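Some notes on the structure that comes next.
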Amino acid sequence: MGYGKLAKGISEKEVQRKLEEVMPSNLENKKDFRAKSKSIFVGSHNHPNVNIGTLSPTKPMDPTLMDQPKKWYQKKYNLEKIASLRTSLLNSKQKVNAKKPNKLVKNKQEIAISRKPADIEVKLDKKPFQSFKGGRTKPISASANLENLKLGENPSVEKKIEKKWYDTEVKAQTAIEELTKSGIGNYQIQQAMTAGVLGKQNKRKLVPTRWSITATDDTISKKIRNQAQTYPQLGEIEYYQNSYLGNNFHIFLIPGTWEYELMELKRPKSVWNQMKRTYIAHNYEPYNGRTSYAEETAGAFYATRLAVLEHLQKRKRQCKVLVIREVTPEYWAPLGVWIIRETVRDAFKNKETLDEHSKIKKKVAGEFRFLYKRIKNKSKLLNSQQRNLADF
């Protein structure tokens, strides 16, 4: 899995410079410390020889809010606040083979599925140096090589996930579906998948965090999609809109059998687009699903699909779905696809009914006047939708 096709002229240095301007220094510069941790991070570089890190502050404080996207969205934190929380965590990492975890990795696996932050003792090879990096997943503050990691006590792990850890005969896909059905959220499942505690014994391995996020969204939403395709079709065209941190979402639910399309309009000076022209990324899914990874919109495609299908599942309806995401200059540092998932989830509170099909095109043309032709030329749904008896 990749990050998707990016606009030319991307500037990671510019993102890093901005982060350095607004981020305070929250890490203590020491090799040995006690702290609390509830999450891990697995890198993808040079896979299967990857870095697995424990994310924690360098002093005894509750790290929960520092890695809790749902609360960030609910509290409507601004970009600087979220980046500040994320960069307050040190990534204490070690290089391992993803398929051959060692004893220290087992400790990190327990941390990943714990119900509450675990007490840890960390010994690094040298003092960490704080350097802000605008990674394409989330802002990262500092990392340091781990010499030793001890758990202060046995973490209180999530029992439903622990049960799947001990069940080495269940496929990862089945485990994810069953955990979802039992009420475990996608964020907890994603951490379990990253930690390599799901699936059949001979298939288990550490999964890079950015891969596990997309794989979890994909697996859960495919299951819901299969259910949704048995539901009655929507009876009218519905429009929803929501915005957060410079990410504006326009969602059209159109009568018909399942189809899904995501279009991303990345405005100049927004994250990863330093060009003078709006960059448009696009991916489409037909009724029977995709046969390849959504390269252009990458993880955003699967996070959006999950949020939309959760809404359709609640209503027991299926339809065609067109989502247009506009990324403005306000969104200048990447925060991760959680921002997409949560903003789309929250969009369905307010419905606007469009009584004529032509109003979809009028709505898009009204919102994106100078881009409408480019949008229409790329969109399969805008080009193929015709009002006919089969649709209504």
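The values are calculated or read from the model by the stated rules, or taken from the named source; none is laboratory data. Note that the structure is predicted; figures quoted are calculated from it, not measured. As a convention, Cβ positions derive from the backbone with ideal geometry for all residues, glycine included, and neighbour counts pool all protein chains shown.
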| task | Kindly indicate whether any position in the range 369-392 is modelled with pLDDT under 95, part of a loop (DSSP other than H, G, I, E, B) and closer than 19 Å to Asn242 by Cα. | result | no
| remark: Only one of (1) modelled with pLDDT of 90 or more; (2) within 14 Å of Asn51 (Cβ to Cβ); (3) loosely packed, with under 14 Cβ neighbours inside 10 Å does not apply to Glu121, and that is (2)
| request: All but one of (1) touching a Pro at 6+ places or on another chain (Cβ under 9 Å); (2) within 30 Å of Leu322 (Cα to Cα); (3) surrounded by fewer than 21 Cβ atoms within 10 Å (Cβ to Cβ) hold for Asn248, so report the exception by its number. | output: (1)
| message | Let me spell it out: the conditions are (1) crowded, with 22+ Cβ neighbours inside 10 Å; (2) in a strand (DSSP E or B); (3) hydroxyl-bearing (Ser, Thr, Tyr), and Thr304 meets all of them except one. Which number is the exception? | response | (2)
| request: Please determine, by comparing only the residues of the range 271-292 that are of a type in the set (A, V, I, L, M, F, W, C) and part of a loop (DSSP other than H, G, I, E, B), which one is surrounded by the most Cβ atoms within 10 Å (Cβ to Cβ). | output: Val271
| query | When the range 245-264 is examined, which residues are found to be under 17 Å from Gly299 (Cβ atoms) and in a strand (DSSP E or B)? | reply | Asn247, Phe249, Tyr260, Glu261, Leu262, Met263, Glu264
| remark: Of those in the range 186-214 that are crowded, with 22+ Cβ neighbours inside 10 Å, among the hydrophobic types (A, V, I, L, M, F, W, C) and more than 17 Å from Lys100 (Cα to Cα), the residue farthest from the chain's Cα centre (by Cα) is Ile189
| request: Mind listing whichever residues of the range 70-106 are small (Gly, Ala, Ser), buried (at least 21 other Cβ atoms within 10 Å of the Cβ) and assigned to a helix (DSSP H, G or I)? | output: Ala83
| request: Specify the residue that is modelled with the highest pLDDT; the eligible residues are those in the range 228-238 that are crowded, with 19+ Cβ neighbours inside 10 Å and out of contact with any Lys or Arg (no Cβ under 6 Å at 6 or more places or on another chain). | output: Ala228
| task | Read through the list (1) touching a helix residue (DSSP H, G or I) at 6+ places or on another chain (Cβ under 9 Å); (2) modelled with pLDDT under 95, then give the number of the only condition that Tyr302 fails. | result | (2)
| query | Any chance the range 176-185 includes a residue that's at pLDDT 95 or above, in contact with a Lys or Arg (Cβ under 8 Å, 6 or more places away or on another chain), crowded, with 21+ Cβ neighbours inside 10 Å and outside any strand (DSSP E or B)? | reply | yes
